[in-house]
Amino acid sequence: MAMNEFIPKMMEVRQSYPKSKQLDFPRLLEEQFAQSGVRARITPGMRVAVGAGSRGISNLKEIVKATVDVLLAAGAKPFVIPAMGSHGGATPEGQSKVLAGYGITAESMGVPIQASMEVRKIGQALDGEDVFFSVPALEADAVVPVNRVKPHTDFRGNLGSGIQKMLAIGYGKQAGAANAHRVAAHVGLARVIPEFAKTILGSVKVLCGVAIVEDQHHQTAEVHVLKQENIPAEEALLLERARGLMPRLPLGEIDLLIVDEIGKEISGTGMDTNVIGREIVGYSSALRPDPARSPMIYRIFVRNLTRATKGNGIGLGMADFTTTRTVKALDMQYTYVNAITSTSVQGAKIPIYYDSDRETISVAISTLATLHPEKLRVVRIANTLSLERIQMSACCAELLAGHPGVSIAGEAREMQFDAEGNLAPM
């Protein structure tokens, strides 16, 4: 039962970003392969394992298809493998289904999909730690990882999620990913990924990496073909570009954040830790500012899982509240395999939940322990990728004054609930 029935009026807020580019992927990939010198390294009959992951990358189907077509035109024999560690329940069928959800199938690509989970030890890193790699990829003549470069959700530094991570964890399948995360539990992913990738780059022929950078609209801003020997250095430069293009929340301190949906295609952690200021390995729910966290969000309410996440609710544990329908939508097998493989077990925990959004919001507000609920900074977003159009409580108007690129659209209105007490779509 809710302890505080106050629910604030909300106003629509828009964040404006530069317009997205319109890219011709077939032409762009042809040019990139030629200009980088990679096209000249392709020999007739060369079998190439093109890796595609489980992230919600815009235009992934088109970029993988354009990459495959360049290889075919050069006389190679490419095939696609799911390079996604343990995702999809760590089964060939599950991983093929994840790719199919992005439109990547044998029919759409015109080449086979090889989803075997079999791996083989290819060397060691970090003083004796075994490094594993996909057997179908090792049996090919070369591999081409295709991945988005962006700040990682689990660590900071000059390496994020991208080509090296896909090589070290994605191509390692469930066994390799679990081993990498086991080591990372002791020394950190920031050390494991570059060291494991170094071992792989030294023993596996990586024809190139296809690196994608997205803009604030979650659209493709750049695509680069990186030669094997240049991957570490060039990926570090692309990470800085990606960091500058990330969307952000317009406030540094928020009392209640309402997130309409989380999912693996939104972020590897369901909702991007860089956006919410919480870590997948744990967080504090104290109502005191912490200078080390940015933004500072005191309560998070997750309303739903995305359809594309297929019940994988990893990251739900970073929220404080959720709904009964979200809990019922969880596929525990998918979620637990992901959490156990990554050793981020807190990300799979289930928060406090109620049947309706109205009750959940009311209870969440009551836990903020304020005598002035009308002054609470309440923000609602669709997900952590979509921050152009958000809703904020009326009291935030003065906090946004003079904020570049931020505008208020219309007057504040009561939150709209349906007959079951659930929020209407944004």
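For this structure, a couple of remarks:
- Every test in (1) crowded, with 21+ Cβ neighbours inside 10 Å; (2) touching a residue at least 40 places away in the same chain (Cβ under 8 Å); (3) not small (G, A, S) is passed by T335 save one, and that test is (2).
- Single residue of the stretch 130-145 satisfying the filter (touching a residue at least 60 places away in the same chain (Cβ under 8 Å) and among the charged types (D, E, K, R)) that is nearest to V68 (Cα to Cα): D141
- Residues that are more than 14 Å from I212 (Cβ to Cβ) and of a type outside the set (A, V, I, L, M), drawn from the stretch 229-243: E229, N230, P232, E240, R243
- Count of the stretch 270-289 residues which are more than 23 Å from S366 (Cα to Cα) and either touching a helix residue (DSSP H, G or I) at 6+ places or on another chain (Cβ under 8 Å) or hydrophobic (A, V, I, L, M, F, W, C) (or both): 7
- Screening the candidates R39, R47, R27 for the property of being surrounded by fewer than 22 Cβ atoms within 10 Å (Cβ to Cβ), closer than 24 Å to N230 by Cβ and either in contact (Cβ under 8 Å) with a residue 60 or more places away in the chain or of a type in the set (F, W, Y) (or both) yields one hit, R47.
- Checked against the criterion of being surrounded by 19 or more Cβ atoms within 10 Å (Cβ to Cβ) and of a type in the set (K, R), the candidates R358, R389, R413 yield just one match: R358.
- Restricting attention to the stretch 2-14, the residues that are buried (at least 16 other Cβ atoms within 10 Å of the Cβ) and assigned to a strand (DSSP E or B) add up to 4.
- Candidates A168, A175, filtered to the one that is of a type in the set (A, V, I, L, M) and touching a strand residue (DSSP E or B) at 6+ places or on another chain (Cβ under 7 Å): A175
- Criterion applied to G172, G202, G188 was being assigned by TED's automatic domain parsing to the domain that holds L99 and surrounded by 21 or more Cβ atoms within 10 Å (Cβ to Cβ), and the one residue passing it is G172.
- Extreme residue, nearest to F132 (Cα to Cα), among residues of the stretch 197-256 that are within 21 Å of the chain's Cα centre (by Cα), polar (S, T, N, Q) and outside any strand (DSSP E or B): Q219
- Search result, residues across the stretch 96-121 that are small (G, A, S), out of contact with any strand residue (DSSP E or B) (no Cβ under 7 Å at 6 or more places or on another chain) and under 27 Å from I200 (Cα atoms): S116
- Cross-chain or 6+ apart pairs with Cβ under 6 Å, the stretch 289-310 first and in contact (Cβ under 8 Å) with a residue 40 or more places away in the chain, then of a type in the set (K, R): T309/K264
- Test result for R148, buried (at least 17 other Cβ atoms within 10 Å of the Cβ) and not hydroxyl-bearing (S, T, Y): yes
- E265 vs. criteria part of a loop (DSSP other than H, G, I, E, B), in the same structural domain as H403 (by TED's automatic domain parsing) and within 23 Å of Q391 (Cα to Cα): yes
- Checked against the criterion of being farther than 27 Å from Q95 by Cα, crowded, with 23+ Cβ neighbours inside 10 Å and at pLDDT 95 or above, the stretch 209-222 contains not a single residue that satisfies it.
- The number of residues in the stretch 39-69 that are of a type in the set (A, V, I, L, M, F, W, C) and under 17 Å from I212 (Cα atoms) comes to 8.
- Residues that are basic (K, R) and either closer than 20 Å to Y102 by Cα or crowded, with 21+ Cβ neighbours inside 10 Å (or both) within the stretch 301-330 comprise R303, R307, K310, listed in sequence order.
- Single residue of V135, V68 found to be crowded, with 21+ Cβ neighbours inside 10 Å and more than 23 Å from the chain's Cα centre (by Cα): V68
- Options Q32, Q22, Q95: the member that is touching a helix residue (DSSP H, G or I) at 6+ places or on another chain (Cβ under 9 Å) and without any contact (Cβ under 8 Å) to a residue 60 or more places away in the chain: Q95
- Residue-level analysis places I57 outside the set of residues that are buried (at least 24 other Cβ atoms within 10 Å of the Cβ), under 22 Å from the mean Cα position of the chain (by Cα), farther than 18 Å from N338 by Cα and of a type in the set (V, I, T).
- D272 without any contact (Cβ under 8 Å) to a residue 12 or more places away in the chain, of a type outside the set (V, I, T) and touching a strand residue (DSSP E or B) at 6+ places or on another chain (Cβ under 9 Å): no
Listed here are the residues, each with its yes/no results for (1) farther than 20 Å from K150 by Cβ; (2) in contact with a Leu (Cβ under 8 Å, 6 or more places away or on another chain); (3) in the same structural domain as M318 (by TED's automatic domain parsing); (4) basic (K, R).
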position	(1), (2), (3), (4)
L239	no, yes, no, no
G252	yes, no, yes, no
E261	no, yes, yes, no
Y283	yes, no, yes, no
R299	yes, yes, yes, yes
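The values are calculated or read from the model by the stated rules, or taken from the named source; none is laboratory data. Source: prediction; values computed, not measured. Note: ideal-geometry Cβ built from the backbone for every residue, glycine included; neighbour counts use all protein chains shown.
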